[in-house]
Amino acid sequence: MATSSSATLSKTVKQQYMELPQGDKVQAMYIWVDGTGEGLRCKTRTLDFEPKSIEDLPEWNFDGSSTSQSEGSNSDMYLMPAAMFRDPFRKDPNKLVLCDVLKYNRKPAETNLRITCKKIMEMVEDQIPWFGMEQEYTILGTDGHPFGWPSNGFPGPQGPYYCGVGADKAYGRDVVEAHYRACLYAGVDIYGTNAEVMPAQWEFQVGPCEGINMGDHLWVARFILHRVCEDFGVVASFDPKPIPGNWNGAGCHTNFSTKEMREEGGLKAIEESIEKLGKRHNYHIRAYDPKGGLDNARRLTGHHETSNIHEFSAGVANRGASIRIPRMVGQEKKGYFEDRRPSANCDPYGVTEALIRTCLLSEEGDEPAEY
């Protein structure tokens, strides 16, 4: 199993330094989405005080030419603090700071989807939109081979691994447990976790979160996962189809509801939203992975519990449909629906914004409206 060299460094020696008092200084790790739309970057600065709110944090900058976000001749980009969490690696009073990225002219970077998403969320805040996202991922060695798989072959076929227990069924649970506890410490709204259908594949759920908080909490949960994997010397992959062939891909199923959907008779509002989604399938496919649908084309084949990327479908308790209405929702006539199309490497801001635009703002056509 190929693990990173840094994983072999002595954690005991490191701990000796981490236990040193830091005086009245605070370390703030600024985190942002890079030019790929799916990669995360970070760097740390020292503050002379413990920030109590996002307004206490100073703006900062970085070299955008090294993150595929600007030209070398005009490379300074601005980091604008947007959401703050406790730091589970350095511990209190240190912070994780999720940031918006602005270009030299103070306009949002192309892969900074948060600003537009926040504007759209504010337009419908009276409808109290809730989201829950189910993030699937695969644990890989540094050589790209799935964790625990035989070096020259494949494990047994899928079947016993989903929610499995035992050394021959659950590959990498230490990573999962460490990530879960770190998210709880940080203040991320993590809801649960389970082993997935493909061995070495796992899922964690974040939510329910209202509005813009969905994207904030999922991005920080992803960052924490990458950092935990770094400590273990392995890699967390959000590739929608990490292993070709007869293996499940990885999605980020998105559950959505409004106040009206959650109240008595809410099934009518759910069905109305699904009807709108059916007329705008291509727009959503483009918004649901960072390559405009090309990544999802490898995953949404109509096999392995997915719908076909070229067709829109909906059904009660149907895991092969684009939109699934949970059986309990069908029985109680209220609740939420699940959009099963978003890829594992989707931008949650883009996904949640698209759902609001279509379901609540009743937009039509293949392009988002300007407001």
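The values are calculated or read from the model by the stated rules, or taken from the named source; none is laboratory data. Everything numeric here is computed off the predicted structure, so don't read it as measured data. Don't worry about glycine lacking a Cβ; one is built from the backbone with ideal geometry, like all the others, and counts go over all protein chains shown. Just the protein is used for accessible areas: all its heavy atoms, side chains included, with ligands, DNA and RNA removed. Shrake-Rupley method; radii C 1.70, N 1.55, O 1.52, S 1.80 Å.
Taking one equal scatterer on every alpha-carbon of the range 253-326, how large is log10 of I(q)/I(0) by Debye at q = 0.23 1/Å?
-1.10
Once phi is turned into θ = phi - 60°, what whole-Hz ³J(HN,Hα) does the Karplus curve with 6.51, -1.76 and 1.60 give for every residue of the range 289-306, x standing for Gly and Pro?
8, x, 10, x, x, 5, 5, 5, 4, 6, 9, 7, 9, x, 10, 6, 6, 10
Over the range 73-220, what is the mean sequence separation of C-alpha contacts under 8 Å (at least six apart), divided by residue count, expressed as relative contact order in percent? Walk me through the intermediate numbers first.
Working: 230 pairs, mean separation 39.3, N = 148.
After rounding, I find 27 percent.
Report the Cα centroid-to-centroid distance between the range 299-371 and the range 135-149 in angstrom, as an integer.
With the range 299-371 and the range 135-149 each reduced to a Cα centre, they are spaced 27 Å.
Determine the alpha carbon to alpha carbon distance for each of K43/K291; K259/K333; K119/K268 and list only those over 19 Å. Provide the component values of the computation, followed by the final result.
Details: K43/K291 26 Å; K259/K333 14 Å; K119/K268 27 Å.
Beyond 19 Å: K43/K291; K119/K268.
Quick one: with all protein chains in place, what share of the accessible area of the range 1-125 is carbon or sulfur, to the nearest percent (1.4 Å probe)? Don't skip to the end; give the middle numbers.
Working: 3400 of 6950 Å².
On the range 1-125, the fraction of accessible area on carbon and sulfur atoms equals 49 percent.
What does the charge dipole of the chain about its Cα centre add up to, to the nearest 20 debye, if the Cβ of each Lys and Arg holds +1 and the Cβ of each Asp and Glu holds -1?
Working: 41 positive and 53 negative charges, 121 e Å.
Using Cβ point charges on Lys, Arg, Asp and Glu, the chain gives about 580 debye.
What do you get when you divide the Cα radius of gyration of the range 1-135 by 2.2 N^0.38 Å, with N the number of residues? Provide the component values of the computation, followed by the final result.
Numbers: Rg = 17.8 Å, N = 135, 2.2 N^0.38 = 14.2 Å.
It is 1.25.
Please sort 341-347, 147-153, 223-229 by packing, taking for each peptide the average over its residues of neighbouring beta carbons within 10 angstrom, highest first.
Values: 341-347: 27.7, 147-153: 12.3, 223-229: 22.3.
Descending mean neighbour count gives 341-347, 223-229, 147-153.
Quick one: in the range 211-337, what % of C-alpha pairs are over 25 Å apart?
Values: 2897 of 8001 pairs.
Everything past 25 Å amounts to 36 percent.
Using the eigenvalues of the Cα gyration tensor, what equivalent ellipsoid semi-axes result for the range 63-104 when each is taken as the square root of five times the eigenvalue, whole Å, largest first?
Numbers: eigenvalues 149, 23, 8 Å².
The equivalent ellipsoid of the range 63-104 has semi-axes of 27, 11, 6 Å.
Normalise the Debye intensity by I(0) for the chain, one equal point scatterer per Cα, no solvent, then take log10 at q = 0.07, 0.08, 0.11 Å⁻¹ and round to two decimals.
The calculated log intensity ratios at q = 0.07, 0.08, 0.11 Å⁻¹ are -0.32, -0.42, -0.80.
Looking only at Y349, Y171, Y191, which one moves most when the chain is put into a Gaussian network model with springs between Cα atoms under 10 Å?
Per the Cα network of the chain with a 10 Å cutoff, Y191 tops the list.
Excluding residues on the same chain fewer than 8 positions from K14, give the aspartates and glutamates whose Cα lies under 18 Å from its Cα.
Excluding near neighbours in sequence, the set is D87, D92, E230, D231.
When only Cα pairs under 8 Å and 6 or more residues apart are kept, what is the percent relative contact order across the chain? Could you put the intermediate results ahead of the total?
Numbers: 749 pairs, mean separation 60.0, N = 371.
Relative contact order comes out at 16 percent.
What whole-number value in cubic angstrom gives the convex hull volume per residue for the C-alpha atoms of the range 1-53?
On the way: hull volume 7.7 nm³, N = 53.
Enclosed volume per residue, from the Cα hull, is 145 Å³.
Over the range 100-139, with the other protein chains present, what is the accessible area per residue in square angstrom, probe 1.4 angstrom?
46 Å²
Per-residue counts of other Cβ atoms within 10 Å, averaged by peptide: what ranking do you get for 284-291, 272-279, highest first? Before the final figure, lay out the partial values.
Numbers: 284-291: 22.4, 272-279: 16.6.
Packing proxy ranking, top to bottom: 284-291, 272-279.
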